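Have a look at the structure below, then the notes.
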Amino acid sequence: MYETHRNRPLTRRAFARRLARHALFAGALIALSLAVGMAGYSGFEHLAWHDAFLNSAMLLGGMGPVDAPKSDAGKLFAGFYALYAGLVFIVVTAIMLAPVMHRLLHLFHFEGKS
């Protein structure tokens, strides 16, 4: 996926494109996760879309839900979605940090031809 330590480091422009691709993928994952959370809160807890958005966004941001679930199905959904949201938070962080960390390590270990 990335260049090896024997290849020259990417130019700043190519690195910016790589970082933008990672950000686009992370944004798509967040948008999909937000849509799933909104649909679940709306369906199981009968929350209005703006309240479902708030609960989903707060969980994805690592804060916690605003409205406590009332139904048993809503409680199960909220629990599983909270676990999922915690993993998404970690995965999105990793997706965004991967190109930066690779570039730093690559610059330290580049075996260029003099």
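Annotations for the structure displayed:
- Residue that is nearest to the chain's Cα centre (by Cα) [pool: residues in the range 63-86 that are among the aromatic types (Phe, Trp, Tyr) and closer than 19 Å to TRP49 by Cα]: TYR81
- Members of the range 17-48 found to be closer than 12 Å to MET96 by Cα, surrounded by fewer than 14 Cβ atoms within 10 Å (Cβ to Cβ) and of a type in the set (Gly, Ala, Ser), listed by number: ALA20, GLY27
- Filtered residues of the range 49-72 (kept if outside any loop (DSSP other than H, G, I, E, B) and surrounded by 13 or more Cβ atoms within 10 Å (Cβ to Cβ)): ASP51, ALA52, PHE53, LEU54, ASN55, SER56, ALA57, MET58, LEU59, LEU60
One line per residue, one yes/no per condition, for (1) modelled with pLDDT of 95 or more; (2) among the aliphatic types (A, V, I, L, M); (3) more than 30 Å from ASP72 (Cβ to Cβ):
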| position | (1), (2), (3) |
| --- | --- |
| TYR2 | no, no, yes |
| LEU10 | no, yes, yes |
| PHE25 | yes, no, yes |
| LEU34 | yes, yes, no |
| PHE44 | yes, no, no |
| TRP49 | yes, no, no |
| LEU54 | yes, yes, no |
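- Every condition in (1) farther than 30 Å from THR11 by Cα; (2) modelled with pLDDT of 95 or more; (3) surrounded by 12 or more Cβ atoms within 10 Å (Cβ to Cβ) is met by VAL92 except one, and the failing one is (1).
- Residue in the range 46-69 that is within 30 Å of HIS109 (Cβ to Cβ) and among the aromatic types (Phe, Trp, Tyr) present: no
- The residue pairs whose first member lies in the range 46-65 and is farther than 17 Å from VAL92 by Cα, whose second member is assigned to a loop (DSSP other than H, G, I, E, B) and among the hydrophobic types (A, V, I, L, M, F, W, C), and whose beta carbons are closer than 8 Å, counting only pairs six or more residues apart or on different chains, are ASP51/VAL66; LEU54/VAL66; ASN55/LEU47; ASN55/VAL66.
- Flag if LEU10 is surrounded by 13 or more Cβ atoms within 10 Å (Cβ to Cβ), in a loop (DSSP other than H, G, I, E, B) and not β-branched (Val, Ile, Thr): yes
The values are calculated or read from the model by the stated rules, or taken from the named source; none is laboratory data. What you are looking at is a predicted structure, and each value in this text was computed from that prediction instead of being measured. Here the Cβ is made from the backbone with ideal geometry for all residues, glycine too, and neighbour counts use every protein chain on show.
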